[in-house]
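Read-outs throughout are calculated quantities, based only on the coordinates presented, and are distinct from any laboratory measurement. Predicted, not measured: the structure shown is a model, and the values here were computed from it. Positions of Cβ are backbone-derived with ideal geometry, glycine not excepted, and every protein chain shown enters the neighbour counts.
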Amino acid sequence: MIECVPNVSEGRDRRIVEKIAASIIGCHLLDIHSDPDHHRSVFTLIGDERQIAEGAVALMKSATALLDLRTHRGVHPRMGAVDVIPFVPVGSTPMSTCVAVAQRVGRSIGDGLGVPVFLYGAAAQSPSRTSLASIRRGGFEHLSTKFEEMLPDYGPTIPHASAGAVAIGARPLLVAYNVLLDSTDVSIAKQIAATIREANGGLPGLKALGFELASRQRVQVSMNLTDVSATTIPAAFNAVRREAKRLGVGVLESEIVGLIPRRALDGATASDLLLPYDPQDRILEIRIEGSER
């Protein structure tokens, strides 16, 4: 069993998101999470290696036809109409299987759709390309400069005019988690993010950015938890709340993006995390069980 979590650069037009969802074939679509400020939708797919590859290519084909990054503006970094397609081993599936699927899908997209593909994570062809952030740095607007320094692994050696480029990789389970602050000062969110991220001596396996959410007139600490055995959702939430309190700012609520492994909650409830919904609704294992019935 393999999970695939394509991040698509459309979070405002529900009709387009639904068209992309309707194009998915072969695998099961478990969830879609859209955000208008990030201008991004996170799809969660599940299937065996043949099914998941078929579904990912179908989604990419649809998004490439429907989206144009030349008119896209959102707070989240992105370089492609489909920005990233990670393949994640579930259960006893080895990472090597996900690497093979990433390579096969990358070749299919690069050759068949004419969109440049960068392999990252466990699928990277060299150590310098394992980091998604370094591949995506500069975003869509600076892809031409990026290509002067780093050629894609598959596809054309110039960016696609409207779809940019896509990062395709293999990685372990990752949790995307956001905390909304009772503030309009984005510098506070950025300061908290800088303090708690692993790169600056914060929580292990935690990446964080601070964003302004225009639609909510508030700011957000947006996090990726790359190792939930080291840092759980409650640990991340408490770190944000502690730093926010130190800076004199309240926490309004938090948000789980997509689906999460059960262990990431570490027994926390909605009230513990100021979630506006039952976190059990976001458990990957429960959704997989439902798709198999």
Rounded to the nearest 20 debye, what is the charge dipole size of the stretch 2-170 about its Cα centre when +1 sits on each Lys and Arg Cβ and -1 on each Asp and Glu Cβ? 200
Alpha carbon centroid spacing (whole Å) that separates the stretch 29-73 from the stretch 93-133: 16
How far is the Cα center of the stretch 159-236 from the Cα center of the stretch 1-19, in Å? 19
For VAL219, list long-range residues whose amide hydrogen, built 1.01 Å from N in the peptide plane, is under 5 Å from its own amide hydrogen. LEU181, SER183, LEU213
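So, with +1 on the Cβ of K and R and -1 on the Cβ of D and E, and no other charges, what is the size of the charge dipole of the chain about its Cα centre, to the nearest 20 debye? Provide the component values of the computation, followed by the final result.
On the way: 31 positive and 32 negative charges, 86 e Å.
So the dipole magnitude of the chain works out to roughly 420 debye.
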Relative contact order, percent, the stretch 1-158 [alpha-carbon distance under 8 Å, six or more residues apart]: 23
I want to verify a result. In a Gaussian network model of the chain, Cα cutoff 10 Å, which of these has the top mean-square fluctuation: GLY11, GLY91, GLY121? GLY91
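Please list the helices of the chain that count as membrane-span-like by this rule: a mean Kyte-Doolittle hydropathy of at least -0.5 together with Cα atoms stretching 18 Å or more along the helix axis, each helix being a complete DSSP H run. Write out the running numbers ahead of the final one.
Numbers: long enough: 49-66 (26 Å, 0.36); 95-113 (26 Å, 0.49); 233-246 (20 Å, -0.52).
What comes out of the filter, once short or polar helices are dropped, is 49-66, 95-113.
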Using 0.36 nm per residue, how much length does the chain from ASP278 to ARG50 gain when fully extended, once their Cα-Cα distance is taken away? 78.8 nm
222 nm mean residue ellipticity, helices alone, for the chain (DSSP H n ≥ 4; -39,500 (n - 2.57); rounded to 500): -10000 deg cm²/dmol
The simple spin-label model distance between SER134 and ARG107, using points 7 Å out along Cα→Cβ, in nm, is 2.6
Over the Cα atoms, compute the radius of gyration (one decimal) and Dmax (the largest Cα-Cα distance, rounded to a whole number) for the stretch 2-170, in Å. 14.4, 42
What is the local net charge at SER126, summed over the other residues whose Cβ is closer than 14 Å to its Cβ (Lys, Arg +1; Asp, Glu -1)? -1
With an 8 Å cut-off on Cα pairs and a minimum separation of 6 or more residues, tell me the relative contact order of the stretch 148-293 in percent. 23
Gaussian network model of the chain, Cα springs within a sub-10 Å range: biggest mean-square fluctuation belongs to which of HIS39, HIS160, HIS142? HIS142
So if I place +1 on the C-beta of Lys and Arg and -1 on the C-beta of Asp and Glu, and nothing else carries charge, what would the dipole magnitude of the stretch 175-291 be about its Cα centre? I want it in debye, nearest 20. 300
Cβ-based charge dipole, the stretch 2-170, positive-most Cα from SER92, ALA161, LEU59: ALA161
Past 32 Å, Cα to Cα, is the threshold; run LYS146/LYS245; LYS61/LYS146; LYS61/LYS207 against it and keep the listed order. LYS146/LYS245
Dividing the mean separation of Cα pairs under 8 Å (6+ apart) by the residue count of the stretch 54-140 yields a relative contact order in percent of 28
